[in-house]
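In what follows, a structure is listed as structure tokens, so that the remarks can point back to it.
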Amino acid sequence: MAVPRTGVPTQLAVGLGLIALSAVLALGAYRFPPEMGFVILPAYVYPYVVAGFLAVVGAVLSYQALTGGFRELDSGNGVIAGGKAGAAWVTGGLVGVAVLINLIGFVLAAGLLFACSARGFGSRHPLRDLAIGIALTLPIYWLFNAGLGVSLPPLVNTWI
């Protein structure tokens, strides 16, 4: 006979916190004046997209917390295996972006951040992760430059 799963209050707080954060973002986007637009898209589009994404993630996490807890966590002592090494990889990627973004360009620096973050979460395929990171970063670069008119560091620096 299966043991009924119980909710985990601290994990539920994480999910509800993300939902609350999404509501704050949506309220902020709603308060943007309608004439505040950029090149193609109005200023409130991106905050609404992020708010919607956070609301969906918060709802999924809340559901999981209410039905027994987050599914991918170690059920032992609550410590995620490889947590310190993973945090070091993600932190190293963030520092690397800060140091390298003006040297190698936005796309390569963000691709490197993606590869370091993937390694921090357990991936063992650095070249594939770098390629995925670059593929994800290119549309973001073009959306910010063309869609919002925000000047980002160069796509790739000219010396490369």
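Just checking, does region 79-88 include any residue being farther than 29 Å from Gly69 by Cα and in a helix (DSSP H, G or I)? For region 79-88, residues farther than 29 Å from Gly69 by Cα and in a helix (DSSP H, G or I): absent.
Within the bounds of region 122-133, is there any residue that is in contact with a Pro (Cβ under 7 Å, 6 or more places away or on another chain), surrounded by fewer than 15 Cβ atoms within 10 Å (Cβ to Cβ) and over 24 Å from Val49 (Cα atoms)?
No, because not a single residue in region 122-133 is in contact with a Pro (Cβ under 7 Å, 6 or more places away or on another chain), surrounded by fewer than 15 Cβ atoms within 10 Å (Cβ to Cβ) and over 24 Å from Val49 (Cα atoms).
In region 92-100 there is no residue matching the filter, namely being modelled with pLDDT of 90 or more, assigned to a loop (DSSP other than H, G, I, E, B) and not basic (Lys, Arg).
For region 116-136, taking the residues that are closer than 16 Å to Gly83 by Cα and not aliphatic (A, V, I, L, M), the one that is nearest to the chain's Cα centre (by Cα) is identified as Ser117. Taken as a whole, region 138-148 holds no residue that is part of a loop (DSSP other than H, G, I, E, B), of a type outside the set (Phe, Trp, Tyr), touching a residue at least 40 places away in the same chain (Cβ under 8 Å) and surrounded by fewer than 18 Cβ atoms within 10 Å (Cβ to Cβ). Here region 72-91 is the region considered, the condition is being more than 26 Å from Trp142 (Cα to Cα) and in contact with a helix residue (DSSP H, G or I) (Cβ under 6 Å, 6 or more places away or on another chain), and the residue that is modelled with the highest pLDDT is Trp89. Kindly check whether there is at least one residue in region 17-24 that is within 19 Å of the chain's Cα centre (by Cα), surrounded by 13 or more Cβ atoms within 10 Å (Cβ to Cβ) and modelled with pLDDT under 90. No.
The values are calculated or read from the model by the stated rules, or taken from the named source; none is laboratory data. Please read these numbers as outputs of a predicted model, since none were measured by experiment. Note: ideal-geometry Cβ built from the backbone for every residue, glycine included; neighbour counts use all protein chains shown.
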